[in-house]
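**Q** Structure in structure tokens, see below.
The values are calculated or read from the model by the stated rules, or taken from the named source; none is laboratory data. Remember, it's a predicted structure, so these values are computed and weren't measured experimentally. Because the Cβ atoms are built from the backbone with ideal geometry, glycine has one as well, and the counts that use them run over all protein chains shown. Ligands, DNA and RNA are stripped out before the accessible areas are found, and what is left, the full protein with its side chains, is counted by its heavy atoms. Shrake-Rupley method; radii C 1.70, N 1.55, O 1.52, S 1.80 Å.
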Amino acid sequence: MNTRRWQIDPGGRSLPSLRNDPAVGEAAAMLRAGKLVAFPTETVYGLGADASDDLAVRSIFRAKDRPSDNPLIVHVAEESVLYDWIRKMPETGRRLASAFWPGPLTLVLEHRGTLASSVTAGLSTVGVRVPSHPVARALLFQAGVPVAAPSANRSGKPSPTSAEHVWGDLAGRIHGLLDGGPSGVGVESTVVDVTGPTPLLLRPGGITLDRLQQVTPTVEVDPGLQGGAVVPRSPGVKYRHYAPRGEMWVVAGSGEAQVKRVQALADEGTAAGYKVGILTTEERRKRYRADWVLPCGRRSDPASVARNLYRVLRCFDELGAEWIVAEGFEGKGLYDSVMNRLSKAADGRLIDTNTNLSP
Ligand code: TXA
Ligand code: MG
């Protein structure tokens, strides 16, 4: 299959002008015709298909090699559209939507069974979001259909934060790719289930727990997210994800103990004959020796770390790193989401220098 690629620079353009862009028109027509189109969102690139077309949605799973028990998020241009196919919008959902849409928040809601069943993987609920990226909004308005879109990566790889990442993973397997430049947030949306008496955070993401609690103080974190025996409620959370090809370790903690442990683990890899990469931040890049020492934003600026995370993980793959040691991050906010992604990439190989516990 030939993948059509369009370039579109949203910089400073109004929504009506983007909606009239021929590239957006062609991509929207492809979606309506049951084809697969990757597009930028403010979090990561998504791989879209018409959510009411079961065949089209099933081809997403094939293109990505995604397990079919992992449901997709449905993207809409504005909240009003989703009342056609959800059962009800609970009061907490209404408050969160009005605070954070358009933006990186996904709400899990009960649906009426009218969407393609492959979207929801047979569940009675569906994840929905209204993205804020101007190109995504223009595309969704023009398509006029709800668009199911997982992250546009091959399953198991880090999510794509640029059109180049999507191209590398999916060229020849999808019909179109709208290139709107790099994504801004860099980690996926925050998923909140509002169907029960207590709203539950199922996946940390672009909207932090603090910000959710400012709007709905009762939000709790899904106990399944903390690891241990409880199974996470969001099916996608259980898979190894976001992973580079090399063996990866995350060293949590802070200060000198953390720096020492990162270097010691890197040296272990070198001694064993591996090509070794260290994932660090601008503040500490000069502290380490390894085959590659890659900074991922500034430690003092969590947004910059989130924005660069997947790009740097992909970089290690391109360089051929076989053993990767990542500095972990302490604290709340966006670093919650960053640590969630890092420990998934490392498949749970997390070392905490505060408690001296090793796996
Ligand atoms: O930022 C994002 O959310 C990106 C962009 C493209 O919008 N999309 C994304 O999709 O990350 P995906 O498919 O990679 O992740 C969807 C997550 C998975 O963890 C999935 O299990 C969860 O949302 N999810 C979807 N529907 C759900 C439901 N009904 N109940 C619980 N979890 C659900
Ligand atoms: Mg994904």
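**Q** Could you grab the pairs with beta carbons closer than 7 Å, sequence gap of 6+ or different chains, first residue in the stretch 72-98 and assigned by TED's automatic domain parsing to the domain that holds P131, second one open to solvent by 30 Å² or more (accessible area, probe 1.4 Å) and at pLDDT below 95?
**A** Once the first residue is assigned by TED's automatic domain parsing to the domain that holds P131 and sits in the stretch 72-98, its partners that are open to solvent by 30 Å² or more (accessible area, probe 1.4 Å) and at pLDDT below 95 give W85/T114.
**Q** How many residues, within the stretch 184-217, are open to solvent by less than 10 Å² (accessible area, probe 1.4 Å) and among the small types (G, A, S)?
**A** Total meeting the criteria: 3.
**Q** For the condition in contact (Cβ under 8 Å) with a residue 12 or more places away in the chain, touching a strand residue (DSSP E or B) at 6+ places or on another chain (Cβ under 9 Å) and part of a helix (DSSP H, G or I), what is the one hit in V251, V166?
**A** After ruling out the rest, the residue left standing is V166.
**Q** Check S68, S59 and return the single one that is within 16 Å of ligand 1 (Cβ to nearest atom), open to solvent by 20 Å² or more (accessible area, probe 1.4 Å) and at pLDDT below 95.
**A** Residue meeting the stated conditions: S68.
**Q** Is one or more of the residues making up the stretch 34-50 modelled with pLDDT of 95 or more, on the phi < 0 side of the Ramachandran plot and assigned to a helix (DSSP H, G or I)?
**A** No, because not a single residue in the stretch 34-50 is modelled with pLDDT of 95 or more, on the phi < 0 side of the Ramachandran plot and assigned to a helix (DSSP H, G or I).
**Q** Only residues that are farther than 15 Å from L225 by Cβ and not hydroxyl-bearing (S, T, Y): list them for the stretch 185-206, please.
**A** V185, G186, V194, G196, P197, G206
**Q** Restricting to the stretch 281-331, and then to whatever is part of a helix (DSSP H, G or I) and of a type in the set (D, E), can you tell me which residue is surrounded by the most Cβ atoms within 10 Å (Cβ to Cβ)?
**A** Filtering first and then ranking leaves D317.
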